[in-house]
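Everything on this sheet refers to the single structure shown next.
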Amino acid sequence: MPAQQKVETTGPVEAGPCWAWAPYEPDDERPWDLARAGHLLRRAGFGGRWDRLQEALADGPQATIDRLLQPAAEVEAFHRTYDAYEAALPRSNSVEGLTAWWLRRMIESPQPLLEKMTLFWHGYFATRNRAVQSTELMIGHVQRLRAHALGNYADLLADVVHDPAVLLALGAQENRRARPSEPFAEQLLAWCGLGPGQISRRDVHEAARALTGWFVLRHEMRFIEREHDTGVKRVLGHEGPFTGDDVLQIALAQQAAPRWVVGRLYRWLISETDEPSEELLAPLVEDFGRDYNIGDLVERMVRSNRFFSPAAYRQRVKSPVEFALGIIRPLERLVPTVPLVEHLALLGQELGDPPTSQGWAGGRYWINRATLLGRHRLAEELLAQGGAYGEGLDPAAAARRHGREDESSARAWLLALFLQDDVAPEVREHLMRAVHGANGTSSPALRHFARAVVAQPEFQLA
C-alpha cells in the first residue's frame, strides 16, 4: 500500500471498541485536514469537488457528516426527476440504459451517500439482469435498494424477497407446494449470515416450504394460496405453520444476522485489508441487532475514531465505478455515460450484472496488470478532447473556475483536488517538474498532468 503521509497517529488505534467507535474529535495529533476531509468524501460518496472539500474543512467532520446524512432540500426534486427518466426507458432486455442513467445519477446526486449505499446493496444482493432479462424489473429492483439503502434492514430484506427481479434471478419464479425452491430459501438464509455449518439441509428445505405460493407472473409477484404449503415446518429450532415472513423473523433473530451485515459494511466503509475482531465489532453488532437500522450503523461507523484512523485510511481499493467517478465529480462536468458503462464492464464492474451471488469480490481482485492498464486508458479517454466522451473533462477550465490561472498553481490545485496533497515529497516533485504536456495552463497541458495524477497508486485507493 502507498505510504500514508498525513493520516498518522500515535493515538490508541487498537485501544479497544469503546475508543474505536467513539466520535472522532480532532486534536493536535489527529487534526482535521484536507486528507481526512478527502477520505470522508471518498468513502461516503465518490470524491469531493473543491467547494465541498473547502466546505468540509471549514465546518469540521461532524457537521460535514450531518450534511451527508441529512439530505438538502433539493434532493426530493432531484430523485423525482431521475425516477421519471428511468421510467421512460424502453421496455427491453438491455440494462445499459438503466446503468447509464444510474451512473449519471451518481455523478450529479446531491446525496452521494445514498447512491454509494445503493451500490453497496446492489453488490450485496447481486441480482443479475442476464437471468432477469427485463430492464423494467431491474429499474424496480434498484429503486427498491435505494428506497431502503439507509433504512431498516428487515424491511429491505422483506422487500427484496418479494421482488420479481430477485425471484427470476434465483430461478424461483414458481414456488409450488410440490416443488419448493431450495436455492431461494438458501439465499435468503445466506443474506442473514446463515450458511454451511450453521444450517442443515432440512432447515433449507423447511424454509423453502414456507416460501411456497409466491410466483412471478407477467413480471408481477402473485401469491397463489393453493400452492402454499400450510403444514408445520421446523426451521432453526422453531416449529409452526410458517410463512416466508415468519422465516425472515426467525433468521433475523439469529446472532449471525447482525454480525454478517456489520462485517460487510465494515469492509465497505472502514477497511478490506484486515479482519476485525469479534470484540471490536461487538458494540455495533449488539446495537444493530436491536432494530436493524442501517442509517444508524452507517452514521456510527463514519463518525468514529476507527474511520478516521490509519486502520481505515486508504485501506480499500476503489472499484471501477469509484475510480471513474473520482475523476468526473471533482472536475464538475458531465460526460456521456453510455460509453462509461462499457468501459466499466471491461474493468470488471458491469452494473446490473454482478458476477456471482456474492457480488464483486473487490479488494485486490480489482487490480492486476490488465485492469491497471485499463484504468489508465479510461482516464485518458475521460480527459481526452474529441474522443468517446466528446469534449471530455477539462482540468484547465476547472482550475480557472477556482482562480488558478498559472501553470504552477493549477498543477498544485489538481494535486490537492485528487490526492489532497497526500503523496510522498519525491512523488510530488516528480509530478510537478517531470510531467510535461504543452506549456502553460492550456487544456492539453493540464489534461496530460491530470492523467499522471490519477495514475498514481494513491488514487487507486479509497
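The figures follow:
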quantity	calculated
The stretch 197-268 versus the stretch 295-347: alpha-carbon centroid distance in Å	33
Protection proxy ranking of 352-365, 370-383, 109-122 - average other beta-carbon atoms within 10 Å, highest first	109-122, 370-383, 352-365
DSSP bridge pairs, the chain: antiparallel proportion in percent, nearest 5	95
Within the stretch 383-404, backbone nitrogen closer than 14 Å to the virtual label 7 Å beyond the Cα of Val338 toward Cβ	388-390
Ordering of 451-462, 39-50 by burial proxy (mean other Cβ atoms within 10 Å per residue, highest first)	39-50, 451-462
Formal net charge of residues neighbouring Leu346 (Cβ-Cβ distance under 15 Å; K, R +1; D, E -1)	-3
FRET E, pair Asp421, His205, Förster distance 41 Å, beta-carbon r, rounded to 0.05	0.10
Built amide H within the under 5 Å cut-off of Lys233, gap 5+	Gly240, Phe242
Qualifying trypsin sites (Lys or Arg not before Pro) for the stretch 207-261 [loop in DSSP, other Cβ within 10 Å: at most 16]	Arg218
Packing-based order for 162-169, 407-414, using average beta carbon neighbours within 10 Å, highest first	162-169, 407-414
Structure-derived semi-axes √(5λ) of the Cα gyration tensor in Å - corresponding label in (1) 45, 27, 18; (2) 42, 26, 18; (3) 83, 48, 16	(2)
Accessible-area composition of the stretch 299-458, carbon plus sulfur, in percent [1.4 Å probe]	52
In Hz, Karplus ³J(HN,Hα) per residue of the stretch 164-177 (6.51, -1.76, 1.60; θ = phi - 60°; x = Gly, Pro)	x, 4, 5, 5, 5, 5, 8, x, 10, 6, 10, 9, 7, 4
Structure-based [θ]222 nm, the chain - -39500 (n - 2.57) summed over DSSP H runs of at least 4, per residue, nearest 500	-16000 deg cm²/dmol
10 Å beta-carbon shell around Ala185, net charge (K/R +1, D/E -1)	-3
Computed E for Asn152/Glu29 - FRET, C-beta separation, R0 30 angstrom, nearest 0.05	0.20
Global geometry of the stretch 149-255, whether rounded, prolate or oblate, following the gyration tensor of its Cα atoms and the 1.5 cut on a/c	oblate
Segment His219-Ala87, extension gain: residue separation times 0.36 nm, minus the distance between their alpha carbons	46.0 nm
Relative contact order, percent, the stretch 164-283 [alpha-carbon distance under 8 Å, six or more residues apart]	24
Accessible area (Å², per residue) of the chain, counting only protein heavy atoms and a probe of 1.4 Å	42
The stretch 258-399 - percent relative contact order, Cα under 8 Å, separation 6 or more	23
Counted charge near Thr127, where neighbours are those whose Cβ lies closer than 14 Å (Asp, Glu -1; Lys, Arg +1)	-1
About the Cα centre, charge dipole magnitude for the chain (Lys/Arg +1, Asp/Glu -1 at Cβ), debye	1060
By accessible area with a 1.4 Å probe, ligands and nucleic acids excluded, highest first: order of Phe307, Phe223	Phe223, Phe307
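The values are calculated or read from the model by the stated rules, or taken from the named source; none is laboratory data. Values in this document were obtained by computation on a predicted structure and should not be read as measured data. Note that each Cβ is placed from the backbone with ideal geometry, even for glycine, and that neighbours are counted across all protein chains shown. Remember, those area values only see protein heavy atoms, side chains included, never the ligands or the DNA or RNA. Shrake-Rupley method; radii C 1.70, N 1.55, O 1.52, S 1.80 Å.
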